[in-house]
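> My structure is below; once you've seen it, I'll send some questions.
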Number of protein chains: 4
Amino acid sequence: VGIVGVGNNTSALVQGVYRYSQPEGINIATERQEGILFPKLCNYEIKDITFSVAFDVDSRKIGRDLGTAIYSEPNKYPRIFEEDLKTGTIVQPAPALDGVPEFLEDIVEVDQVSKPSSEELDSYFDFCVEKIHLSKTDVLVNFLPSGSHKATQFFARAAAKGHAAFINCIPSPVVNSPEILELFEKENLPLLGDDLESQFGSSLIHRTLLQTLETRGLEIMRSYQVNLGGNADFKNLQFRSDAKQQSKKKAISTISSTPDRINIVPSGGFLPVLGDNKIGYLMIEGRGWLGMPVNIDLKLSVQDSSNAAGVVIDLIRIAKGAIDQGLSGYVSLSYYFKNPLDRKLDTDEAIEVIRSFNSDTSA
Amino acid sequence: VGIVGVGNNTSALVQGVYRYSQPEGINIATERQEGILFPKLCNYEIKDITFSVAFDVDSRKIGRDLGTAIYSEPNKYPRIFEEDLKTGTIVQPAPALDGVPEFLEDIVEVDQVSKPSSEELDSYFDFCVEKIHLSKTDVLVNFLPSGSHKATQFFARAAAKGHAAFINCIPSPVVNSPEILELFEKENLPLLGDDLESQFGSSLIHRTLLQTLETRGLEIMRSYQVNLGGNADFKNLQFRSDAKQQSKKKAISTISSTPDRINIVPSGGFLPVLGDNKIGYLMIEGRGWLGMPVNIDLKLSVQDSSNAAGVVIDLIRIAKGAIDQGLSGYVSLSYYFKNPLDRKLDTDEAIEVIRSFNSDTSA
Amino acid sequence: VGIVGVGNNTSALVQGVYRYSQPEGINIATERQEGILFPKLCNYEIKDITFSVAFDVDSRKIGRDLGTAIYSEPNKYPRIFEEDLKTGTIVQPAPALDGVPEFLEDIVEVDQVSKPSSEELDSYFDFCVEKIHLSKTDVLVNFLPSGSHKATQFFARAAAKGHAAFINCIPSPVVNSPEILELFEKENLPLLGDDLESQFGSSLIHRTLLQTLETRGLEIMRSYQVNLGGNADFKNLQFRSDAKQQSKKKAISTISSTPDRINIVPSGGFLPVLGDNKIGYLMIEGRGWLGMPVNIDLKLSVQDSSNAAGVVIDLIRIAKGAIDQGLSGYVSLSYYFKNPLDRKLDTDEAIEVIRSFNSDTSA
Amino acid sequence: VGIVGVGNNTSALVQGVYRYSQPEGINIATERQEGILFPKLCNYEIKDITFSVAFDVDSRKIGRDLGTAIYSEPNKYPRIFEEDLKTGTIVQPAPALDGVPEFLEDIVEVDQVSKPSSEELDSYFDFCVEKIHLSKTDVLVNFLPSGSHKATQFFARAAAKGHAAFINCIPSPVVNSPEILELFEKENLPLLGDDLESQFGSSLIHRTLLQTLETRGLEIMRSYQVNLGGNADFKNLQFRSDAKQQSKKKAISTISSTPDRINIVPSGGFLPVLGDNKIGYLMIEGRGWLGMPVNIDLKLSVQDSSNAAGVVIDLIRIAKGAIDQGLSGYVSLSYYFKNPLDRKLDTDEAIEVIRSFNSDTSA
């Protein structure tokens, strides 16, 4: 698997793959703990995953082993291993195509090599394709910060040309871009996205509670969801929240008959004291029998980046399983994305779909 | 329909039936609002429900029209209609078989007629059977306070003998009592219970959230649920909480693999300032990817008695539908009870079951 | 009293003055309820307050009676009186000196007359001075939206020239501007500000709790405060939060020894479903005996604009009292402002100060 | 100092005294952290405190070194030191005068020697007096569980006869018992109590917030406080809550003009999952300008026993200081007790009082 963007999510993913590949880690995973639903999925265990290539724009990460880069500033995900990991994979420079917004200038240190002129861009593209191709990367995971539209499309095209499936974890349109979707169909490669839904986040809880109210026949009068965090992604989100808000709203509106009574704030504040911790506040006001009020106030606290890793660990194996089965184009895993092509499944249906992948490949 | 116990739940039920039987109320119900899932169920609309008989022990209620008694002390459910309702049904005395605990003495005023000697009890039973029978009551709903074991069994037997189906809304064993179940089977009458699950209460939300965590592969580390209220039922519950706690625990434990990590307090405090309002506090601590913590803190506020009415309105019609279909004995509506005979269904399955009743009878 | 900015705060103030001037309203005020600390202050009762002049930029307010304009869009403060009030004071046009930011364009409708060219500005100034002067306005209250730096200075100067005291309720520097302060000293007029502290808001609660921890010897480890609202001021704040954040931070830091461990977000989100309601979330993590953790989670919900009115009602009378006493320049009421010139007093000291005004003038 | 009741509070106190007497602990204390307000008080530092005698009824504690007994079941306070402490003081048997309630039978193991017949009681009393006297105990601290009325009076008399000051940390009347107060006056010994107010607990926060509302002129409409915990004291409190509730109510009512609108539940539930953790939920509904609502919802989480230790550490030194000064009878430290003889001081006054002790003795 290859990685675009060596941030907190990548840190969680890499550290987790190492931990759950160790003998005692396998036991933990097998006993169905710590967020791992499928110790074995599409014939692959966690220890079958290796990191083949990684890209980033930050000069503190480029040129280092991925196992060292994940601990570099401004990453804040907790360190599980005392010593840096040795993955053997060196972080490659990525082009900073979307610029670095003013508010991130004191956080991100963009390397000179990540600022190619427009003439150099074509050879940069070839460079990335080659890296993906030569490293025999099966699946490229996009962990860039929200709002990186151009870079996301750049790497989706690079994956297609470099013969890798692509998993788009951010709101920028990839499966929702007809050209890119067509590209993957043509290249006979799977494409998954857009915008990863956390394993256990505000959107999931919000949707679950709203659904429970509606199932019981209560009317939703007003509701809001506000998220707070302290990592770089949150600072980014505060200013580039449009795509995220749309995506989040869509994730909710599929179940609610009154989406205009629901307000969602993807990033209500960049709070450095929170670090990689993420706080979500939900409020729901409903009305039941004889118009009597029902009120819910909820606070959710999660490790932001763990939440992504727990889902991506399945998607990587499903993407590889899809390749093994010769599937191409859009892979329907709508449960795991806030903005899929088709309608969102509910939990039971989603697990059915995954089980079907599982059995198809194990056959 | 007949009623045992003219408390807040009965007030909510009677007022609601009147409201939703009025022309503008029918519209509200039809537009699927205010907690009414089925404007028509088993061929019955809400306006088809009439109150045929009612029993209580309190001297402020006995001998009065049910439409006046529902507004008597110590009831606290809000008054929807300015004037008392005229149901034409006079509240009959019920025997206070379980005594009135010391802590309720300043709240409940037990009428002399409700304290029969043991010799008088048999004729009291005949009196109640006759009242049920002569009023042509189809369904008797048990809204007695928690802990009224003897009175519940008394009225279940009276219903069986008086040819009425019985809906047991409290934890005292009725469907869980083999003798009583056999009695209803013999009399060819439907029996529903035990312990009503609120339309939208702490148990539902708690179960939904715990289930969501488990479905996503997170481990539940510890969790609690504490309920607070200010009506007589809550004062009662604080001292007679054993049956309720068992019933609540069972409602949760069907979905959780670690029930010993979950503490439930049915009545954490009798708070007069709350009136008929009910507050539930939930806390869930889980663990996900790399052991990272997930915490949920939730406060739920509902009108206690509205919550019961919204469910009973369906059960009454289903019980009547079951009679129409000639069903007898235990009616499997496990979704609506905390302590049913069979395993609890999830929401989708439950709605399937109700739909099946609906279509069977409408055929 | 004259008003600059006919928004929700003004609506709360005008409606309150009318209500508490009616016979039954006086009783409410006298019984020390509803947020009125001083039924009589500096010899003035609430009914002594009349509205002499008002300015706004919105075409839906200009030219109307103030008692009608307070109910115009986009105001959201609840309507207390069924019919519009008749104040006899017509809202005058104000110059939109700070422009209307893009995000408010669909909310505010700036009248043509409020867009003077730079040449017309001088005569506009004279017009405003004349309005203040001829209406014999004693005190001009600045209720402009946050970020209106130029307009605030414009009206402060206009007040000085029109012989009115000035109360600056927003963060823009007025008492913190040496030139303007000097101007008021020269004109022998009182000046109060900057940035009103709500009667009962997040900053007060946050400061009180942090202070309680420190007084008990506990160490503050980390803390945050996030505010949410749905009125135009909140939409405004989300984009113009810098001055507000500084002002809020200063309000907290005077009591905390570790201000860098405290994050404050003045506007964590514009949530239209909230209307004029304001929500504040606070979190405090401390450490006590043997390093054991102490955690506080708090949710505060208030009517945003009521909060301002309850304080301004005192400040207006104090400002008038200061005029009566011949005080000029900065009036030290540091308790009521987030960004005063001198150190913030605690509650007891503050009440002493007000009492002193009270007795001085009643002498 | 001598101790009655070797529970969680004693564990926190003993471990803390050891920790803050070590060189690095002294630094922590001096830098005014971790809840220690006065590194030096009445001329005494923390390291000047030694444990001279200890009493308990549990067979798992009697006969062991106090430094081992504090880690015995059912204590749940966290272990700070890997190895047991060596205090040199052996836990002595105490008489179980108040019986052990049924609900504690599976938690407490009362030693045979702690069940004296009524004839043996006199010699038991002499035994305790002798232990106190011979160990030269200056101050005896009562850390018995709530509801231990007889045992508290027993040990208060034993202290008086054994020439030790007495600090009563529970609601049982000691300073509120005229006979016992007289006894201490006669014996020329200081007496402190009743019912310790936690260093940072629900009562303090509740009182602070209610006071803030009233100071700002808002009316309190309704409010509640519910406490949850998982240690033996909480199980005890749930059944013996009367004295505690009175004491807590008194602590609040001194500041509120509407005590009947405030409900307090000292123990809303015994939740084993919480261990020595204590949760407090507060709700306050107020009304301000134009009757607009103000709502506060708060969750407080503290280490229960740390909270007591942080206050007792001061009281021990003040009691000793009072002896040094020759003070006898009631020592007015109303700030630190929920049920003192005189009116409760506010924080500033309280610190003045302590400062006065400090300087008197250092003179």
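> Need pairs with beta-carbon distance below 6 Å; first residue modelled with pLDDT under 95 and within region D:158-187, second surrounded by 22 or more Cβ atoms within 10 Å (Cβ to Cβ) and basic (Lys, Arg); sequence gap 6+ or separate chains.
As it stands, the answer is D:Pro171/D:Lys244, since those pairs meet every condition given.
> Considering only residues of region A:50-87 that are of a type in the set (A, V, I, L, M) and within 14 Å of chain B (Cβ to nearest Cβ), which is farthest from A:Pro272 (Cα to Cα)?
Selected residue: A:Leu85.
> Does C:Glu31 satisfy the criteria of being more than 18 Å from the chain's Cα centre (by Cα) and at pLDDT 90 or above?
Here the answer is no, as C:Glu31 does not meet what is asked.
> Something else: Within region C:147-225, which helices (runs of 4 or more DSSP H) (wholly inside it) include 3 or more residues that are touching a strand residue (DSSP E or B) at 6+ places or on another chain (Cβ under 7 Å) and under 26 Å from C:Val265 (Cα atoms)?
C:202-215
> With the condition kept exactly as written, say whether any residue in region D:69-90 is surrounded by 20 or more Cβ atoms within 10 Å (Cβ to Cβ) and more than 29 Å from D:Tyr20 (Cβ to Cβ).
No, the conditions are met nowhere in region D:69-90.
> To continue, here is another question. Return a yes/no flag: does region D:251-264 have any residue that is hydroxyl-bearing (Ser, Thr, Tyr), at pLDDT 90 or above and closer than 30 Å to C:Asp304 by Cβ. Lay out the reasoning, then the answer.
Step one: of region D:251-264, the residues hydroxyl-bearing (Ser, Thr, Tyr) are D:253-254, D:256-258.
Adding the requirement that they be at pLDDT 90 or above leaves none.
No, the conditions are met nowhere in region D:251-264.
> Give the number of residues within region A:266-280 that are surrounded by fewer than 24 Cβ atoms within 10 Å (Cβ to Cβ) and within 7 Å of another protein chain (Cβ to nearest Cβ).
2
> Related question: Select from region C:285-310 the residues that are more than 7 Å from chain D (Cβ to nearest Cβ), modelled with pLDDT of 90 or more and out of contact with any Lys or Arg (no Cβ under 8 Å at 6 or more places or on another chain) and list them in ascending order.
C:Gly286
> Is it fair to say D:Lys86 is farther than 24 Å from D:Ser172 by Cα and out of contact with any Asp or Glu (no Cβ under 9 Å at 6 or more places or on another chain)?
no
> Look at C:Pro259 and say whether it is over 25 Å from D:Ile284 (Cα atoms), away from chain A (no Cβ under 11 Å) and surrounded by fewer than 18 Cβ atoms within 10 Å (Cβ to Cβ).
Numbers: over 25 Å from D:Ile284 (Cα atoms): yes; away from chain A (no Cβ under 11 Å): yes; surrounded by fewer than 18 Cβ atoms within 10 Å (Cβ to Cβ): yes.
In short, yes.
> Output the residue which, of all residues in region B:181-205 that are within 11 Å of chain A (Cβ to nearest Cβ) and not polar (S, T, N, Q), is farthest from B:Lys161 (Cα to Cα).
B:Ile205
> What is the residue count in region D:140-186 for residues that are surrounded by fewer than 22 Cβ atoms within 10 Å (Cβ to Cβ) and of a type in the set (Val, Ile, Thr)?
0
> Quickly run through region A:97-122 and pick out the residues that are in a loop (DSSP other than H, G, I, E, B) and touching a Pro at 6+ places or on another chain (Cβ under 8 Å).
A:Ile107, A:Val108, A:Asp111, A:Lys115, A:Pro116
The values are calculated or read from the model by the stated rules, or taken from the named source; none is laboratory data. All figures in this text were calculated on a predicted structure; none of them were measured in a lab. So basically every Cβ, Gly included, is an ideal-geometry build from the backbone, and we count neighbours across all protein chains shown.
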